[in-house]
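Colleague: Quick one: structure below, then a few questions.
The values are calculated or read from the model by the stated rules, or taken from the named source; none is laboratory data. Here the structure is a predicted model, which is why all the values come from computation and not from measurement. So basically every Cβ, Gly included, is an ideal-geometry build from the backbone, and we count neighbours across all protein chains shown. Protein only, heavy atoms only, side chains kept; ligands, DNA and RNA dropped before computing areas. Shrake-Rupley method; radii C 1.70, N 1.55, O 1.52, S 1.80 Å.
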Amino acid sequence: INLSHFAIFDVSGPDAEALLEYLSVARVGGSQPVGKGVYTHFLDEVGGVHSDLTIVRLGERAYRVICGGDTGHRDYVWMRRMAEDRGLAGVHFEDRTDQLATLGLWGPQARATLSALADDPDGLTPERFPFATAREIRVRGLPVWAFRISYVGEQGWELYTPFSYGLSLWDALAEQGVTP
């Protein structure tokens, strides 16, 4: 599934964790390891759901915030406003939305399909690539940031690659029999 409508923001800096911990219902910082993804919500000032989104820890002071396309700009403005309101000047935002193509690959054959294309198929085993983790892989030499996540009840991944490689990744999956 083409998920390139997702809004993607890399949030980094010395105050990034403080901001995202303040905004998120779930724990996204602290002891969460690098590469761990967390589905969470941002709440509004009365405790209502402002957004549902996923946050992946990229580094000690770096996170990737993945929002639905229809809420992306609103969430971006909300994060910036909350950082400003809380005096968190040490937060850097990078909008990656127009840089990364995003494809969803799910279903009972998702692992076998991706393994057939991966430069290191052994790296996709459940033991080496657990659920709700993300990392860089190579698919026929293409750089892909793979996030093992599913919201359809089956195994799968969100696959992110620079837009210049998006069609090549799409074609490779289609050659394996993936039906859009």
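Colleague: What do you get for trypsin sites (Lys or Arg not before Pro) in segment 57-114 restricted to DSSP loop and a cutoff of at most 15 other Cβ within 10 Å of the site's Cβ?
Modeller: On the way: sites: 57, 61, 64, 74, 80, 81, 86, 96, 111; in loops: 61, 86, 96.
When the trypsin sites (Lys or Arg not before Pro) of segment 57-114 are filtered for loop state and at most 15 Cβ neighbours within 10 Å, 86 remain.
Colleague: Right, next: Can you tell me the relative contact order of segment 75-180? Whole percent, Cα pairs under 8 Å, sequence separation 6 or more. Kindly include the intermediate steps, with their values, before the conclusion.
Modeller: Working: 130 pairs, mean separation 29.5, N = 106.
Reported relative contact order: 28 percent.
Colleague: Long-range amide H contacts for residue 133: which residues qualify at under 5 Å (H placed 1.01 Å from N, peptide plane, sequence gap of 5 or more or a different chain)?
Modeller: When sequence neighbours closer than 5 places are left aside, the close amide H contacts are 37, 148.
Colleague: Would you work out the relative contact order for segment 4-77, in percent, from Cα pairs under 8 angstrom that are 6 or more residues apart? Could the numbers behind the result be given before it?
Modeller: On the way: 136 pairs, mean separation 27.6, N = 74.
The normalised contact order for segment 4-77 reaches 37 percent.
Colleague: I would also like to ask the following. Residue separation times 0.36 nm, minus the C-alpha to C-alpha distance between residue 94 and residue 152: what's the value? List each step's numbers first, then the result.
Modeller: Values: separation 58, 0.36 × 58 = 20.88 nm, distance 2.90 nm.
Gain on extension, residue 94 to residue 152, equals 18.0 nm.
Colleague: I would also like to ask the following. How large, in percent, is the carbon and sulfur part of the accessible surface of segment 71-116 at a probe radius of 1.4 Å? Before the final figure, lay out each step's value.
Modeller: Values: 1100 of 2380 Å².
Answer for segment 71-116: carbon and sulfur cover 46 percent of the accessible area.
Colleague: Let me ask another. Given only helices, namely DSSP H runs of n ≥ 4 each adding -39500 (n - 2.57), what is the per-residue ellipticity at 222 nm of the chain, to the nearest 500 deg cm²/dmol? Before the final figure, lay out each step's value.
Modeller: Working: 4 runs with 43 residues, N = 180.
Only helices count here, giving -7000 deg cm²/dmol.
Colleague: Let me spell out the model: positive unit charges on the Cβ of Lys and Arg, negative unit charges on the Cβ of Asp and Glu, origin at the Cα centre of the chain. What dipole size does that give, in debye rounded to 20? Walk me through the numbers before you get to the answer.
Modeller: On the way: 16 positive and 24 negative charges, 57 e Å.
Here the chain has a charge dipole of around 280 debye.
Colleague: Here is a further query. Where a ≥ b ≥ c are the square roots of the eigenvalues of the C-alpha gyration tensor, would you call segment 1-98 rounded, which needs a/c under 1.5, or, failing that, prolate if a/b is larger than b/c, or oblate?
Modeller: Working: a/c = 1.31, a/b = 1.11, b/c = 1.18.
Taking the square roots of the gyration eigenvalues as a ≥ b ≥ c, segment 1-98 is rounded.
Colleague: Could you go through segment 46-58 in sequence order and give the Karplus-derived ³J(HN,Hα) for each residue, using 6.51 cos²θ - 1.76 cosθ + 1.60 with θ = phi - 60°, rounded to whole Hz, and x for Gly and Pro?
Modeller: For segment 46-58, the Karplus curve yields 10, x, x, 6, 7, 7, 10, 7, 10, 10, 10, 7, 8 Hz.
Colleague: Filter the GluC sites (Glu not before Pro) in segment 91-180 to those in DSSP coil with at most 13 other Cβ atoms within 10 Å of their Cβ, and list the result.
Modeller: Here the GluC sites (Glu not before Pro) that fit, given the DSSP loop and packing criteria, are 127, 154.
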